[in-house]
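Trainee: Sending over a structure as structure tokens; questions will come in a sec.
The values are calculated or read from the model by the stated rules, or taken from the named source; none is laboratory data. All values derive from a computational prediction rather than experimental measurement. Cβ placement follows ideal geometry from the backbone for every residue including glycine, while neighbour counts extend to all protein chains displayed. Side chains are part of the model used for accessible areas, which takes the heavy atoms of the whole protein and leaves out ligands, DNA and RNA. Shrake-Rupley method; radii C 1.70, N 1.55, O 1.52, S 1.80 Å.
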Amino acid sequence: MSLRWNGNRLTAKLGIEYPIIQGPFGGLSSQKLTAAVSNFGGLGSFGAHSLPPEAIKEVIGEISSLTSKPFAMNLWVSMEDEGAKTSDESAFNRSLASLAAHISTLGAPRPTYKPYSPIRFEDQARVLLDGNVPAFSFIFGIPPREILEECRTKHIVTIGTATTPEEGTALQEAGVDAIVASGFEAGGHRGSFLQSAEDSLTGTFSLIPQIADIVSVPVIAAGGIADARGVIATLALGAEAVQIGTAFLACEESGASLLHRQALRGKKAGHTALTKGFTGRLARAIHNRLLEVNQVGTPILPYPLQRRLVRNLAIPAEAAGRSDLLPLWAGQSANLSTCTDVLAFLTSLVEEVSEIAGPILEWSAARREKQILK
């Protein structure tokens, strides 16, 4: 058997050269990075969950002007937590109390309560469907059946995210084209949807083979993968592609601020922790003063209200050069992030993986074939 590590059923379905997917970053996405990854031969991704439909339409147009290659748009199926629509001004003030002193120190005005104005997932998804995006990835649940059916009709590749084997099974039963197995090492939000995020903290190396053994669609490994060693390891565990987030976030082309990129390449990047304090949903970031502010017992608003509240501190903190008061999203392998230029990073990654992938890939492919035949 002679196989190229970069050629498999997922790369064929997506129309890409390398099974390397750039993780979507939500508010830290950039059209430039998305297009750069796609132009190289991977799958660039843009996290659009916080954008209204008209803004998403503009982003799709901008990315399409920068690349003729496939790219993915990412949305959150679950756009709000229970209580978001009924949360009132008194709840806002209770949660503001732990941040108010820091906001004042930065010379920023004290934020005032504003009623919640939701964005509907269905409206966002309609823009992706009407725009015939090449790939539609999502977390925090499974889109309604009619949306997935329209994706199949329009040949839009669907990529769901699982944080447990049970979620992987649910995604396959829904008919998605590929499944991201997201280990708890990953930076940013935990996209759990069958159980709480706190009860779905399976590590990447445990999660990949468990999902690969029970689903027939391609598995994409995510969480703690930052270099060729991580890619090789996940291929051996049964993944057919990798989704890399934090390493790309450190690149100049990302939408992360200079302070954030510097922090990812700093000595403290390896010390990360999970918190609900930044947005109301469990997510991983570099441990800093802001993370310490939101200790157990601190009132936290439902998502996305907490996210909007914390932005009142993050925006002036960035202007003041205070990275200790920023949500510094990062995975557990952040201290392996050396990327400054995305093309240099991808070139080096592909060269290193190509040198050593052959025998491991052949063994993994043979094992997967046996599993499918069972």
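Trainee: Looking at Gln210 and the list (1) open to solvent by 20 Å² or more (accessible area, probe 1.4 Å); (2) closer than 26 Å to Ala330 by Cα; (3) assigned to a loop (DSSP other than H, G, I, E, B), which single condition is not satisfied?
Mentor: (3)
Trainee: Could you check, for the range 239-247, whether at least one of its residues is part of a loop (DSSP other than H, G, I, E, B) and touching a helix residue (DSSP H, G or I) at 6+ places or on another chain (Cβ under 7 Å)?
Mentor: Checking the range 239-247: at least one residue is part of a loop (DSSP other than H, G, I, E, B) and touching a helix residue (DSSP H, G or I) at 6+ places or on another chain (Cβ under 7 Å).
Trainee: Can you tell me which residues in the range 335-363 are buried (at least 19 other Cβ atoms within 10 Å of the Cβ) and either at pLDDT 65 or above or in contact with a strand residue (DSSP E or B) (Cβ under 8 Å, 6 or more places away or on another chain) (or both)?
Mentor: Asn335, Leu336, Ser337, Cys339, Val342, Phe345, Leu346, Leu349, Val350, Val353, Ala357
Trainee: Under 7 Å by Cβ, and 6 or more places apart or on different chains, what pairs join a residue from the range 13-30 that is more than 14 Å from Pro70 (Cβ to Cβ) with one that is open to solvent by less than 20 Å² (accessible area, probe 1.4 Å) and assigned to a helix (DSSP H, G or I)?
Mentor: Going by the 7 Å Cβ cut-off, the qualifying pairs are Gly23/Phe248; Phe25/Leu249; Leu28/Leu249.
Trainee: Kindly check whether there is at least one residue in the range 29-36 that is out of contact with any Ser or Thr (no Cβ under 7 Å at 6 or more places or on another chain), surrounded by fewer than 17 Cβ atoms within 10 Å (Cβ to Cβ) and either among the small types (Gly, Ala, Ser) or over 28 Å from Leu259 (Cα atoms) (or both).
Mentor: No, the range 29-36 contains no residue that is out of contact with any Ser or Thr (no Cβ under 7 Å at 6 or more places or on another chain), surrounded by fewer than 17 Cβ atoms within 10 Å (Cβ to Cβ) and either among the small types (Gly, Ala, Ser) or over 28 Å from Leu259 (Cα atoms) (or both).
Trainee: From the list Pro109, Pro70, Pro19, which one is modelled with pLDDT of 95 or more, open to solvent by 40 Å² or more (accessible area, probe 1.4 Å) and touching a helix residue (DSSP H, G or I) at 6+ places or on another chain (Cβ under 9 Å)?
Mentor: Answer to the selection: Pro109.
Trainee: Just to be sure before I move on: is Val133 more than 13 Å from Ser200 (Cβ to Cβ), hydrophobic (A, V, I, L, M, F, W, C), assigned to a loop (DSSP other than H, G, I, E, B) and open to solvent by less than 10 Å² (accessible area, probe 1.4 Å) in the structure I sent?
Mentor: For Val133, the condition - more than 13 Å from Ser200 (Cβ to Cβ), hydrophobic (A, V, I, L, M, F, W, C), assigned to a loop (DSSP other than H, G, I, E, B) and open to solvent by less than 10 Å² (accessible area, probe 1.4 Å) - is met.
Trainee: Mind listing whichever residues of the range 136-170 are under 19 Å from Gly191 (Cα atoms) and in a helix (DSSP H, G or I)?
Mentor: Matches in the range 136-170: Leu148, Pro165, Glu166, Glu167, Gly168, Thr169, Ala170.
Trainee: Within the range 138-159, can one find any residue that is surrounded by 23 or more Cβ atoms within 10 Å (Cβ to Cβ) and among the small types (Gly, Ala, Ser)?
Mentor: No, there is no match, as no residue in the range 138-159 is surrounded by 23 or more Cβ atoms within 10 Å (Cβ to Cβ) and among the small types (Gly, Ala, Ser).
To keep it simple, each residue is scored yes or no on (1) modelled with pLDDT under 95; (2) in a loop (DSSP other than H, G, I, E, B); (3) within 23 Å of Glu82 (Cβ to Cβ); (4) open to solvent by less than 10 Å² (accessible area, probe 1.4 Å).
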| site | (1), (2), (3), (4) |
| --- | --- |
| Val310 | no, no, yes, yes |
| Leu313 | no, no, no, yes |
| Ala317 | no, no, no, yes |
| Pro327 | no, yes, yes, no |
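Trainee: Let me ask another. Need the failing condition index for Ala233 against (1) open to solvent by 10 Å² or more (accessible area, probe 1.4 Å); (2) assigned to a loop (DSSP other than H, G, I, E, B), just the number.
Mentor: (2)
Trainee: Then there's this: With the condition kept exactly as written, say whether any residue in the range 248-261 is over 21 Å from the mean Cα position of the chain (by Cα) and surrounded by fewer than 20 Cβ atoms within 10 Å (Cβ to Cβ).
Mentor: no
Trainee: For the range 146-192, give me the residue count where each residue is touching a residue at least 60 places away in the same chain (Cβ under 8 Å) and more than 16 Å from the chain's Cα centre (by Cα).
Mentor: The number of residues fulfilling the criteria is 2.
Trainee: How many residues, within the range 73-101, are surrounded by 13 or more Cβ atoms within 10 Å (Cβ to Cβ), free of Cβ contacts under 8 Å to residues at least 24 places away in the same chain and among the small types (Gly, Ala, Ser)?
Mentor: 1
Trainee: Out of all the residues in the range 41-62, which are open to solvent by less than 20 Å² (accessible area, probe 1.4 Å) and either in contact (Cβ under 8 Å) with a residue 60 or more places away in the chain or farther than 20 Å from Met79 by Cα (or both)?
Mentor: Within the range 41-62, Gly41, Gly42, Leu43, Gly44, Ser45, Ala48, His49, Ile56, Ile60 meet the criteria.
Trainee: Something else: From the list Gly280, Gly297, which one is at positive phi, in a loop (DSSP other than H, G, I, E, B) and in contact (Cβ under 8 Å) with a residue 60 or more places away in the chain?
Mentor: Answer to the check: Gly280.
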